[in-house]
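Asks: Supplied in structure tokens, the structure appears directly below.
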Amino acid sequence: HAKKSPHQHFKFYTPEMNSLALENMTLESKLRLALRQGKLELRYQPQMEIQTGNIIGMEALLRWHDSEFGWVEPCKIIALAEDRGLIEQIFEWVLHTACSQIQLWQKSGLSLVPVAVNVSPIQLNQSGFAQIIINALKETELDPGSLELEITESAVMHNPEFIIEVLSQLKGMGVQLSVDDFGTGFSSLSYLARLPIHKLKIAEPFVRDVITSNEAATIISAIVSLSKKLKLRVIAEGVETAAQLAFLRESGCDEIQGYYLSHPLSAEEYASFVKNKK
Ligand code: C2E
Ligand code: MG
Ligand code: MG
Ligand code: MG
């Protein structure tokens, strides 16, 4: 290790940090441009009820392809958007696009299942949140029951009383609510019991390890029985193999989402997926 320099507290300006900051600046302006030019995309990942094999829902997932950076990872886009004050615009775009797509599919009789949209914790804690949802439903003339919102445990912990009120309002309208990546945050179980939600989504890491790790298997079983006790539906994310599906069926899990069923699909791909299923 080099001797501590007197300028150590200016460590931020190392060449590496500089290029990272530069990259983020470029990425930010490119993201703003992509948003303006309609270059963002959505993929739709189907969800299946284990007992019946029916497709019972789908999750809308953000995609962005940039000529220079290629496909930018969704978590990177979201982190940047949260940091640079773009998250609200992105959320509204995702919400409108997903709601309009579902409305189109419903009108053509292609698919009647709700679409789930991911909600950033920052978003959920802003005061106009419920109104954004109400507006999107009005503008797309979508039945509130066809929209599901995925929130995270961390979003709730920040300001539980406020969040419970907002979620109650949305649930009262008929909007579906689920807790994403369940098991990875630090939920207070007493708040969980009070949350007006419909569904828990078991986080992908537990599902990934369920066959090889007793711990993961125990956690999944515990989440499933917690869901039953709280009268919530439970879905496993990231299901990739028949063995994982078998474990989940055995444990009493209601639904799955994952590559085993389907990758996230473009709107055209989703349409043919549904037609082939019939
Ligand atoms: P998430 O909401 O938990 O979404 C599930 C992620 O798991 C997606 O990653 C999906 O492509 C991936 N996945 C699906 N099936 C499998 C599987 O069988 N195995 C594995 N290993 N992964 C699978 P993706 O699309 O890269 O998104 C990552 C995260 O970025 C999402 O996690 C969500 O937190 C966030 N995100 C994506 N789109 C949006 C959005 O529109 N708004 C917000 N706020 N966040 C979003
Ligand atoms: Mg999600
Ligand atoms: Mg997530
Ligand atoms: Mg998840």
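The values are calculated or read from the model by the stated rules, or taken from the named source; none is laboratory data. What you are looking at is a predicted structure, and each value in this text was computed from that prediction instead of being measured. Positions of Cβ are generated from backbone atoms using ideal geometry, with glycine treated the same way; all protein chains shown enter the neighbour counts. Ligands, DNA and RNA are excluded from the accessible area calculation, which covers all protein heavy atoms including side chains. Shrake-Rupley method; radii C 1.70, N 1.55, O 1.52, S 1.80 Å.
Asks: Only one of (1) part of a helix (DSSP H, G or I); (2) touching a residue at least 40 places away in the same chain (Cβ under 8 Å); (3) closer than 25 Å to Q131 by Cα is not met by L27, so which one is it?
Replies: Among (1) part of a helix (DSSP H, G or I); (2) touching a residue at least 40 places away in the same chain (Cβ under 8 Å); (3) closer than 25 Å to Q131 by Cα, L27 violates only (3).
Asks: Can you tell me which residue in the range 238-278 is nearest to S111 (Cα to Cα), limited to those that are touching a residue at least 40 places away in the same chain (Cβ under 8 Å) and among the hydroxyl-bearing types (S, T, Y)?
Replies: Y270
Asks: Out of curiosity, is I211 more than 15 Å from ligand 4 (Cβ to nearest atom) and in contact with a helix residue (DSSP H, G or I) (Cβ under 6 Å, 6 or more places away or on another chain)?
Replies: Here the answer is yes, as I211 does meet what is asked.
Asks: Being out of contact with any Lys or Arg (no Cβ under 9 Å at 6 or more places or on another chain), within 16 Å of ligand 1 (Cβ to nearest atom), open to solvent by 10 Å² or more (accessible area, probe 1.4 Å) and not in a strand (DSSP E or B) is the requirement here; does I163 meet it?
Replies: no
Asks: To continue, here is another question. Which pairs do you get when a residue that is closer than 27 Å to P46 by Cβ and part of a helix (DSSP H, G or I), found in the range 113-134, comes within reach of a residue that is modelled with pLDDT of 95 or more and aromatic (F, W, Y), reach meaning Cβ atoms under 6 angstrom, with the pair 6+ apart or on two chains?
Replies: The qualifying pairs are Q123/F91.
Asks: Working only within the range 246-262, note down all residues that are more than 15 Å from ligand 4 (Cβ to nearest atom), open to solvent by less than 40 Å² (accessible area, probe 1.4 Å) and acidic (D, E).
Replies: Result: D254, single match.
Asks: In the range 60-75, which residues are open to solvent by 10 Å² or more (accessible area, probe 1.4 Å) and within 14 Å of the chain's Cα centre (by Cα)?
Replies: Once the filter is applied, which keeps residues that are open to solvent by 10 Å² or more (accessible area, probe 1.4 Å) and within 14 Å of the chain's Cα centre (by Cα), the range 60-75 yields L61, L62, R63, E73, P74, C75.
Asks: Looking for whichever is on the phi < 0 side of the Ramachandran plot, more than 16 Å from ligand 4 (Cβ to nearest atom) and among the β-branched types (V, I, T) here; the options are V115, V175, V94. Which one fits?
Replies: On inspection, the qualifying residue turns out to be V175.
Asks: Identify all residues within the range 209-237 that are of a type in the set (K, R), in a helix (DSSP H, G or I) and free of Cβ contacts under 8 Å to residues at least 12 places away in the same chain; write none if there are none.
Replies: Across the range 209-237, the qualifying residue is only K229.
Asks: Let me ask something else about it. Go through E59, E23 for me and flag whichever is of a type outside the set (S, T, Y) and either within 16 Å of ligand 3 (Cβ to nearest atom) or touching a helix residue (DSSP H, G or I) at 6+ places or on another chain (Cβ under 6 Å) (or both).
Replies: That would be E59, the only listed residue that is of a type outside the set (S, T, Y) and either within 16 Å of ligand 3 (Cβ to nearest atom) or touching a helix residue (DSSP H, G or I) at 6+ places or on another chain (Cβ under 6 Å) (or both).
Asks: Out of R32, R43, report the one residue that is within 16 Å of ligand 4 (Cβ to nearest atom), open to solvent by 20 Å² or more (accessible area, probe 1.4 Å), at pLDDT 95 or above and not in a loop (DSSP other than H, G, I, E, B).
Replies: The conditions single out R43.
Per-residue answers, yes or no, for (1) within 16 Å of ligand 2 (Cβ to nearest atom); (2) among the polar types (S, T, N, Q):
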position	(1), (2)
L230	no, no
T241	no, yes
L248	no, no
Q257	yes, yes
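Asks: Which residue is farthest from ligand 1 (Cβ to nearest atom), if the candidates are limited to the range 108-138 and must be modelled with pLDDT of 95 or more, touching a helix residue (DSSP H, G or I) at 6+ places or on another chain (Cβ under 7 Å) and open to solvent by 20 Å² or more (accessible area, probe 1.4 Å)?
Replies: P114
Asks: Return only the number of the condition from (1) open to solvent by less than 30 Å² (accessible area, probe 1.4 Å); (2) within 16 Å of ligand 3 (Cβ to nearest atom) that G183 does not satisfy.
Replies: The number of the failed condition is (1).
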